[in-house]
Each structure stands twice: as structure tokens, then as C-alpha cells.
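Q: Pasting a structure here, questions to come.
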């Protein structure tokens, strides 16, 4: 499995400085907002498939972050993971309140990139199959896969975002990959 | 198990389109508004708590005085004010 690097010490120190500044004065939150807006918007959009709703939930995410920035304790976890956790909670809250199905809207260019990175022999006709197999996974499993491959998060960050242990996050990801492999093997044998 | 739908998008959302939704000033205004509302809520809760505490103290002291006066009517009438004596003897 491809390794997504953690942040460097320099980057973490810089983030810590930004958080300290924002804790002193909320006006300094601007830089955190600018740095992470696109990333969080894309994440929310991927989970809602609705541009206006994604804009609302992203705004709500940053508002919650701004309201709680003073309570944020620096423990070496990047601020983006904290924002992802808030966004994830806001998305879940929305789907619980509306009683709708959770959505995973996956972009074709990203799927192709992941396939290219895996360096496996992939035929174009396998993409619809992948979509079908992904829908057979549990929501917990697909959430971990999404964070891992589409958001390119490492397991430490995934564990923090989903409020589970790091080993739990790894277990979910490997179990999901095993299931996908199994589905593909069954399909290959059939054809 | 939670239900979910997998959808397939042909294109990634462009950065320019995301920028349309970016508005830090609006966020800051919203933050100020919600902070003000939260402060007002805390203020109202504090007033209610004080009122409740005051009412409780008043109620406790009133019942305590009532009990005390009903327990010692003789001594009170012996040394009390003439009007009080009159009231207690009537009771």
C-alpha cells in the first residue's frame, strides 16, 4: 500500500505557530482558513455531491473550528486532521437529521490516478465493477478507504478523524481491500 | 449498517469554482454574531440561576422562621411586643 507522508517537523512547527496566533485573536484564523478551505470543501463535496450543501457544511466546519480554537490543544496532530474531524461530524449530523443515504461521490480522474499508482494491470472496464464492489462495503470501511486514497491521509490522521485507534483504522482498510480483492477474484473466475 | 450510495463523477471540482464559496469576512461576521448570542444566553442563564438561588434562600429562611416561631410560642409571647402577644394568644 502506498505510504502517505506525515508532515515534516518544520511544517508542524509552522502550524503550531498559526494555531497560537489564532487562539490569541480570531482574526488570525484567516491563514488556516485559506490553507485548508479547498481541501475541506472537496472532502465535503465528495461526501454530499451537492455544491451548495458542501459550501454550507464547509462554512459550518470553519465556524465550529473558529469557536473552539481556544480549546484546541496542540498534540502534534495537523490542524487539517482536526478540520476533517469537525467536517466529518457535520456531514454525519446532516445525514442523520435528513435521514438520507450517505454519499460517496468519487471523481474519475482520481480513480485513474489511484489505479496508475497501484501499478496493477487494470482495464478500463473494471472501473464500473470497482464502483459496484465499493457499494458492497460497509460505510465504515469505505470511509477509511476514502480518507486513505482520496484524501491521502496516513493512518494516524485517519484514526484521529474517525476517533478510533490507529490499529483499528489499519484493520478496517486492510479488511476492505481484502474484500475488494475477493470480489474481483470471484468476478475473474466467473468470466 | 449505515446505508450509502456510491456515485461516479466525471470531473474534479475546479479551484476557481471552490473560490466562489470562500468568504472569510462572512465567516468572521457569523462568528461574532454567534459569540454575542452565546454571551447573551450565558447572561440570561446566570440571571436565572441567581434568581433561583435567591428564591431558594428566601424559601428556606421563611420556613425556618415559621418552624422556629411555631415551636416556641410561650417564650415569644412572654417577652414579645404587645401586638405580637395579642396575635399569638389569639392563635
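Q: Report those helices (runs of 4 or more DSSP H) wholly inside chain B carrying at least 3 residues which are surrounded by 10 or more Cβ atoms within 10 Å (Cβ to Cβ) and modelled with pLDDT under 90. Before the answer, list the steps.
A: Numbers: elements: B:15-19, B:24-71, B:73-79, B:82-90.
In chain B, B:24-71, B:73-79, B:82-90 are the helices (runs of 4 or more DSSP H) which contain 3 or more residues that are surrounded by 10 or more Cβ atoms within 10 Å (Cβ to Cβ) and modelled with pLDDT under 90.
Q: Report, by residue number, each residue of segment A:145-173 that is more than 19 Å from residue A:106 (Cβ to Cβ) and either assigned by TED's automatic domain parsing to the domain that holds residue A:76 or in contact (Cβ under 8 Å) with a residue 12 or more places away in the chain (or both).
A: A:154, A:155, A:156, A:157, A:160, A:163, A:169, A:170
Q: Mind listing whichever residues of segment A:35-53 are buried (at least 23 other Cβ atoms within 10 Å of the Cβ) and at the interface with chain B (Cβ under 8 Å from one of its Cβ atoms)?
A: A:41, A:45 - these are the residues of segment A:35-53 that are buried (at least 23 other Cβ atoms within 10 Å of the Cβ) and at the interface with chain B (Cβ under 8 Å from one of its Cβ atoms).
Q: Tell me the helices (runs of 4 or more DSSP H) entirely within segment A:124-190 that contain at least 2 residues that are within 14 Å of chain B (Cβ to nearest Cβ).
A: In segment A:124-190, A:126-136, A:139-145, A:166-190 are the helices (runs of 4 or more DSSP H) which contain 2 or more residues that are within 14 Å of chain B (Cβ to nearest Cβ).
Q: Go through segment A:7-34 and give me each residue that's buried (at least 16 other Cβ atoms within 10 Å of the Cβ) and touching a residue at least 24 places away in the same chain (Cβ under 8 Å).
A: Those that are buried (at least 16 other Cβ atoms within 10 Å of the Cβ) and touching a residue at least 24 places away in the same chain (Cβ under 8 Å): A:7, A:12, A:15, A:18, A:19, A:22, A:26, A:29, A:32, A:33.
The values are calculated or read from the model by the stated rules, or taken from the named source; none is laboratory data. For clarity, every value in this text was computed on a predicted model and none was experimentally measured. A quick note on method: Cβ atoms are made from the backbone with ideal geometry, for glycine too, and the neighbour counts reach across all protein chains shown.
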